[in-house]
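Engineer: I am attaching a structure below and will ask some questions about it afterwards.
The values are calculated or read from the model by the stated rules, or taken from the named source; none is laboratory data. Please read all numbers here as calculations on a predicted model, not as lab measurements. Every residue, glycine among them, receives a Cβ derived from its backbone with ideal geometry; neighbour counts consider all protein chains shown.
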Amino acid sequence: MLSKERNDTMRGFETARGYKNINMPERSTRKSAGYDFEICKPFTLAPGEIGRAETGVKAYMMDDEVLKLYPRSSLPQKYGLTIPNNVGIIDADYYNNDDNDGAIFIQLHNFSDKSVTLEKGTRIAQGIFMKYLKTTDDRNNGNDRTGGFGSTGK
């Protein structure tokens, strides 16, 4: 687990609990904005199905940052897949909270008419760290995140 000081001043990736031999996301070129995410185990989706692909990666970042996950440009054409809501949002408090290690899963929708199987190591998304702004009179419920995927709507 990272110290609070490190989380407040840095960003990066780590292997999530329970995973081994995971490749950390990397930028493909010096000028790439996004870090390429790959899946860590084979994954199959039937036509029309939505599922969550495992990356085995977790991300830490500053409190006023978010990691946005976008589909790689080749995903629709090569595989007939996309991210169903077009972008995945990983908040800073998704990392190492009380009930969640922070493992990142990427939702995929198979819009093709065939089952699609992706092998371990297939790059499916790109992640971009970004700062975000809050309103002057920002209000939230004051709660801390205590879960993983989809936990803020409970």
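Engineer: What about Ser112, is it part of a loop (DSSP other than H, G, I, E, B), out of contact with any Lys or Arg (no Cβ under 7 Å at 6 or more places or on another chain), of a type outside the set (D, E, K, R) and within 13 Å of Gln126 (Cα to Cα)?
Structural biologist: Here the answer is no, as Ser112 does not meet what is asked.
Engineer: Could you say which residue among Lys31, Lys58 is at pLDDT 95 or above, closer than 22 Å to Phe129 by Cβ and surrounded by fewer than 16 Cβ atoms within 10 Å (Cβ to Cβ)? Show your work before the answer.
Structural biologist: Values: Lys58 fails: surrounded by fewer than 16 Cβ atoms within 10 Å (Cβ to Cβ).
The conditions single out Lys31.
Engineer: Go through the range 44-70 residue by residue and tally those that are within 14 Å of the chain's Cα centre (by Cα) and either aliphatic (A, V, I, L, M) or not in a strand (DSSP E or B) (or both). Please lay out each step first, then the result.
Structural biologist: Residues of the range 44-70 that are within 14 Å of the chain's Cα centre (by Cα), as a first pass: 51-61, 65-70.
In the following step, the residues that additionally are either aliphatic (A, V, I, L, M) or not in a strand (DSSP E or B) (or both) were identified as 53, 55-57, 59, 61, 66-67, 69.
Qualifying residue count, the range 44-70: 9.
Engineer: Turning to a different aspect of this structure: Do any residues in the range 23-34 that are touching a residue at least 40 places away in the same chain (Cβ under 8 Å) have Cβ atoms under 8 Å from those of residues that are among the aliphatic types (A, V, I, L, M), where the two are at least six apart or on different chains, and which pairs are they?
Structural biologist: Final answer for the pair search is Pro25/Val57; Ala33/Ile128; Gly34/Ile128.
Engineer: Considering the range 123-142 alone, what residues qualify as being surrounded by fewer than 17 Cβ atoms within 10 Å (Cβ to Cβ) and within 21 Å of Cys40 (Cβ to Cβ)?
Structural biologist: Going residue by residue through the range 123-142, those that are surrounded by fewer than 17 Cβ atoms within 10 Å (Cβ to Cβ) are 128, 130-142.
Once the filter is applied, which keeps residues that are surrounded by fewer than 17 Cβ atoms within 10 Å (Cβ to Cβ) and within 21 Å of Cys40 (Cβ to Cβ), the range 123-142 yields only Ile128.
Engineer: Follow-up question, since we're still on this one. Could you tell me whether Gly18 is part of a loop (DSSP other than H, G, I, E, B) and at pLDDT below 95?
Structural biologist: Working: part of a loop (DSSP other than H, G, I, E, B): yes; at pLDDT below 95: yes.
Here the answer is yes, as Gly18 does meet what is asked.
Engineer: Regarding Gly48, is this residue more than 14 Å from Gln126 (Cα to Cα) and either aromatic (Phe, Trp, Tyr) or in contact (Cβ under 8 Å) with a residue 60 or more places away in the chain (or both)?
Structural biologist: Working: more than 14 Å from Gln126 (Cα to Cα): yes; either aromatic (Phe, Trp, Tyr) or in contact (Cβ under 8 Å) with a residue 60 or more places away in the chain (or both): yes.
Yes, satisfied.
Engineer: A further question follows. Counting only residues that are modelled with pLDDT under 90 and either among the hydrophobic types (A, V, I, L, M, F, W, C) or under 12 Å from His109 (Cα atoms) (or both), how many does the range 87-98 have?
Structural biologist: 0
Engineer: Which pairs have Cβ atoms under 8 Å, sit 6 or more apart or on different chains, and link a residue in the range 132-147 that is under 20 Å from Lys68 (Cα atoms) and in a loop (DSSP other than H, G, I, E, B) to one that is hydrophobic (A, V, I, L, M, F, W, C) and at pLDDT 90 or above?
Structural biologist: Matching pairs, first to second residue: Tyr132/Val66.
Engineer: Please give the number of the condition Ser73 fails out of (1) touching a strand residue (DSSP E or B) at 6+ places or on another chain (Cβ under 9 Å); (2) of a type in the set (Gly, Ala, Ser); (3) over 12 Å from Arg123 (Cβ atoms); (4) surrounded by fewer than 12 Cβ atoms within 10 Å (Cβ to Cβ).
Structural biologist: So the condition that Ser73 fails would be (3).
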